[in-house]
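Derivation of every value follows stated rules applied to the coordinates shown; laboratory data play no part. None of these values were measured; they are calculated from a predicted model. Every residue, glycine as well, gets a Cβ built from its backbone with ideal geometry; the counts of neighbours run over all protein chains shown.
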Amino acid sequence: QELSDWRQRGFIVTETQTIGSSLGPLRVFILKNAPQRQETLAVYLPYKRKTLLLYTTPPSSEKLALDFGAARLGHAGADTPQIAYSSESPALGKTLHFLRFSPIKMIEVGAFPEGQIKDVDEDGLFEVWSRFLPLGRFYVAGCSWFKLLASSAYQDRIYKWEKGRFQDVSGHFVEFLKKENQQACDLWESESRPKKPGELLALALQIYFS
């Protein structure tokens, strides 16, 4: 019933998820309008003989996908985000979003570039591993010799859900981050180190920020 308006506008359901809340089940939908190349996310709550639309994203060309790992963040029973989904586009890349139920609405509590849910320290509790672009996504520097894109320089960050919000705990995972960036460091020290100025600068910035 809650989807009848979307169907009239040419949208079909591509993914669904049902999540419990203090007021009843939250119904999550990814909807797609193929002819217009648009996708949207909608969250509904059946409540007191009505169906409430708690959250929706503006229809856009970004590709959306549900991530079912939100429940693995934090300790069992903790007030953690209930919904995780990703948005992706050629211009903006991929972003992992988190929503939490706060009666009677959904609020976004985190958005992480290139984010993924991962048990980094293998303790049974999952963190969010994100790749941040310190120069921004659209920064470009260059001359007749080379062109450097902002995406060439990135910094890995680790976040944990604590005390009702995401905390940057990257400092506790130094060895993991070093291991992830060891390939760039090894390349810098090897004879295969890039010779072109642009590629060399990109590698230097990657090592610097990471």
Self-check item: Estimated 222 nm signal from helices in the chain, with DSSP H stretches of n ≥ 4 weighted -39500 (n - 2.57), rounded to 500
Solution: -4500 deg cm²/dmol
Self-check item: Cα shape, segment 1-59, gyration tensor, a/c 1.5 rule
Solution: prolate
Quiz item: Along the charge dipole of the chain, Cβ charges K/R +1 and D/E -1, which of VAL28, GLY93, PHE132 sits furthest on the positive end?
Solution: VAL28
Quiz prompt | Tensor-based shape of segment 82-132 (alpha-carbon gyration tensor, a/c under 1.5 rounded, otherwise prolate or oblate) | solution = oblate
Quiz prompt | Dipole of the chain, positive end: most advanced residue of MET106, GLN155, ILE83 [Cβ charges, Cα centre] | solution = MET106
Quiz item: How much length is gained on full extension from GLN182 to ARG49, taking 0.36 nm per residue of separation minus their Cα-Cα distance?
Solution: 42.2 nm
Quiz item: Between the helical axis of 197-209 and the dominant principal axis of the chain, each derived from Cα atoms, what acute angle in degrees is found, rounded to the nearest 10?
Solution: 60 degrees
Self-check item: Efficiency of FRET between PHE138 and VAL169 - r from beta-carbon atoms, R0 25 angstrom, step 0.05
Solution: 0.30
Self-check item: Cα lying deepest toward the dipole's positive end in segment 14-121, options LEU53, ALA71, GLN17, charges on Cβ
Solution: LEU53
Practice problem: Quick one: dipole size for the chain, taken about the Cα centre, charges +1 on Lys/Arg Cβ and -1 on Asp/Glu Cβ, in debye to the nearest 20. | Solution: 940 debye
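Given 0.36 nm per residue, what is the gain on full extension from LEU3 to SER192 after removing their alpha carbon distance, in nm?
62.4 nm
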Practice problem: Name the shape class, rounded, prolate or oblate, that the alpha-carbon gyration tensor gives for segment 1-120, where a ≥ b ≥ c are the square roots of its eigenvalues, rounded holds for a/c under 1.5, and otherwise prolate holds if a/b is larger than b/c and oblate otherwise. | Solution: oblate
Quiz item: Could you give me the ³J(HN,Hα) list for segment 10-21, computed from phi with Karplus coefficients 6.51, -1.76, 1.60 and θ = phi - 60°, whole Hz, x at Gly and Pro?
Solution: x, 8, 10, 7, 10, 8, 9, 8, 10, 10, x, 9
Self-check item: Computed over the chain: relative contact order in percent, which uses C-alpha pairs under 8 Å that are six or more apart
Solution: 11 percent
Self-check item: Highest average packing first - 171-183, 110-122, Cβ atoms within 10 Å
Solution: 110-122, 171-183
Practice problem: Round to the nearest 0.05 the FRET efficiency obtained for ASN33 and ASP67 when R0 = 22 Å and r is the Cβ-Cβ distance. | Solution: 0.50
Exercise. Under a 10 Å cutoff between Cα atoms, tell me which one of PHE132, PHE68, PHE101 has the largest fluctuation in the Gaussian network model of the chain.
Key: PHE68
Quiz item: Can you give the extra length, in nm with one decimal, that the chain gains between GLU122 and THR18 once fully stretched, where that is 0.36 nm per residue apart less the Cα-Cα distance?
Solution: 34.7 nm
Practice problem: Please list the non-local residues whose amide H lies under 5 Å from the amide H of VAL169, H modeled 1.01 Å from N, same-chain partners needing a gap of 5 or more. | Solution: ILE158, TYR159, LYS160
